[in-house]
1. Counting only the heavy atoms of the protein chains, how much of K159 is accessible to a 1.4 Å probe, in Å² to the nearest 10?
2. N104 label point, 7 Å along Cα→Cβ, cut-off 16 Å on backbone N: hits in segment 59-76?
3. Please compute the net charge surrounding E187, taking Lys and Arg as +1 and Asp and Glu as -1 over other residues with Cβ under 15 Å from its Cβ.
4. Tabulate in residue order the Karplus-calculated ³J(HN,Hα) for segment 36-41, using 6.51 cos²θ - 1.76 cosθ + 1.60 with θ = phi - 60°, rounded to whole Hz; enter x for Gly and Pro.
5. Aspartates and glutamates within cross-link reach of K188: Cα-Cα under 13 Å, excluding same-chain residues under 8 positions apart?
6. Could you calculate the contour length gain from V184 to S87, that is, 0.36 nm times the residue separation minus the distance between their Cα atoms, to one decimal place in nm?
7. Please check: in the Gaussian network model of the chain (C-alpha springs, under 10 Å), which one of Q155, Q111, Q131 has the largest mean-square fluctuation.
8. Test of understanding: in a Gaussian network model of the chain with alpha carbons linked when under 10 Å, which of A156, A82, A173 would top the mean-square fluctuation ranking?
Amino acid sequence: MPSDRDACPDAGQGEAWHSLNAEQVLALQGCDADRGLSGAEAEARLARHGENTLPEPPRLGFTRRFLAQLNNPLIYVLFVAAGVTLSLGHVMDTGVIVGVIVINALLGVLQEGKAERALEALRKVLTPHAQVLREGKVEQVSARLLVPGDIVLLQAGDKVPADMRLVRAHSLAIDESLLTGESVPVEKGTAPVDAGTRVAERQDMGFAGTLVTQGQGTALSSALMRPSSVPS
């Protein structure tokens, strides 16, 4: 079992992190900002919480994709034309029109499938990484393997991989336009703010998906990239 110094007990996940000072946050988690989690504790948390990724939207089955291809004004016109030719007794013409509709729908399904596979491959290639402290050593891990309680090192150019409570900051600024719409990067620090403070004014927090524009910082991962963790 990891020692108290090596690992962070899984506690305090519902706390208003921005209203606690850095020492309180670290104490609440039992974390050491200079050591981070042990490898065993990180694996245990990964198994408990799952990967740090947004849930993928449900994929439509073949039948629903095929029917979706028929939801097109041009296809409606072809259906009407097929009905007219059938009513006139031109069965062969009707068969040709229906064949065109079916072939067009099948091609659309195939192209859509290829596009999805290409996007999935691109997503894997562009998966961001994070610099974390594990047992006192700096490691680069895939952001999807980040767990609550990880100590993350941030620097200019990094994308914040999860919601985080800053415990150290040096000339740190983060572009939070993704959340707030403000185009000017926000200067960050470690001083706590009131629990009811608006997201745009939580200067001791870093939020998933935002971009570090300058400076350096050390932060405690407090929540994974899930809809429930996105601040309101």
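The values are calculated or read from the model by the stated rules, or taken from the named source; none is laboratory data. None of the values given here were measured: they were computed from a predicted structure. Note that we place each Cβ from the backbone using ideal geometry, even for glycine, and neighbour counts take in every protein chain shown. What goes into the accessible areas is simple: the full protein's heavy atoms, side chains included, and nothing from ligands, DNA or RNA. Shrake-Rupley method; radii C 1.70, N 1.55, O 1.52, S 1.80 Å.
1. 110 Å²
2. Those under the cut-off are 66-76.
3. -2
4. x, 7, 7, x, 5, 5
5. D175, E176, E201, D204
6. Stretched fully, the V184-S87 segment lengthens by 28.4 nm.
7. Q111
8. Maximum among the listed residues: A82.
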